[in-house]
Amino acid sequence: MDHYIKKISLVSPLPDGFKEIILGAGCFWGVERKFYDLPGVYLTSTGYCGGLTKNPSYEEVCSGETGHAEVIKVIYDPELIDFEDLLIVFWECHDPTQGMRQGNDIGTQYRSLIVCSSEKDVEVAKISKEKYQSVLRDNRFGEITTEILKNKEYFLAEEYHQQYLAKNPNGYCGIGGTNCSFPKE
């Protein structure tokens, strides 16, 4: 299966020097669209992560019984885009205070989630969470519910979910941010 826009295999090995991050911020269609055109992002894909079921189907994830969230995997060149810049896009593209939902999308599969591949990235993600929490608090939002984990297995979603909004420009996208900008340093 190839990326619809980039024509690169979604299961190709990680290029030398590149890194990956898995992000859940609600319905994966809209979240993926926020990332696949960013300079320095090599490849994106939609999938499932954070649960217990091996290789779940979309229907199984939607049942709420797998424990998985709808996520995207972002493979990027750290020489061209910083991990922190990816986190800023993540925080600003959804409301991380909503728990098991994003807007009208309700269920465990829509929860906010960051899965890192190194302990250093976990620490950077936690620091960015604290920074954004401060901004949200100042704007009368609740506590961030985002889970930050390390090395959870990622399962590729079905082909029809990959780059869905590129294939279906008028398709549904329920994600929306808080209109709070990540703090500039």
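Points to keep in mind about this one:
- Filter result for residue 120 (under 23 Å from residue 11 (Cα atoms) and either out of contact with any helix residue (DSSP H, G or I) (no Cβ under 8 Å at 6 or more places or on another chain) or touching a residue at least 12 places away in the same chain (Cβ under 8 Å) (or both)): no
- Extreme residue, surrounded by the fewest Cβ atoms within 10 Å (Cβ to Cβ), among residues of the stretch 47-63 that are in contact (Cβ under 8 Å) with a residue 24 or more places away in the chain, of a type outside the set (Gly, Ala, Ser) and at negative phi: 54
- Test: residue 72 is within 27 Å of residue 142 (Cβ to Cβ) and either in contact (Cβ under 8 Å) with a residue 24 or more places away in the chain or out of contact with any Lys or Arg (no Cβ under 6 Å at 6 or more places or on another chain) (or both): yes
Residue-wise test of (1) of a type in the set (A, V, I, L, M, F, W, C); (2) under 22 Å from residue 87 (Cβ atoms); (3) surrounded by 16 or more Cβ atoms within 10 Å (Cβ to Cβ).
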residue	(1), (2), (3)
136	yes, yes, yes
140	no, no, no
152	no, yes, yes
159	no, no, no
168	no, no, no
184	no, yes, no
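- Cβ-Cβ distances below 8 Å connect the following pairs, each with a first residue in the stretch 99-116 that is exposed (fewer than 15 other Cβ atoms within 10 Å of the Cβ), a second residue that is of a type outside the set (Asp, Glu), and a separation of six or more residues or different chains: 104/174; 106/100.
- Per-region count, the stretch 60-107, residues touching a Cys at 6+ places or on another chain (Cβ under 7 Å) and of a type in the set (Asp, Glu): 2
- When the residues of the stretch 39-66 are filtered to those that are assigned to a strand (DSSP E or B) and of a type in the set (A, V, I, L, M), the one that is nearest to residue 8 (Cα to Cα) is 43.
- Search result, residues across the stretch 120-134 that are surrounded by 14 or more Cβ atoms within 10 Å (Cβ to Cβ) and among the β-branched types (Val, Ile, Thr): 122, 124
Only the coordinates and a few stated rules stand behind these numbers; no lab work does. Note that the structure is predicted; figures quoted are calculated from it, not measured. Glycine also receives a Cβ, built like all others from the backbone with ideal geometry; neighbour counts cover every protein chain displayed.
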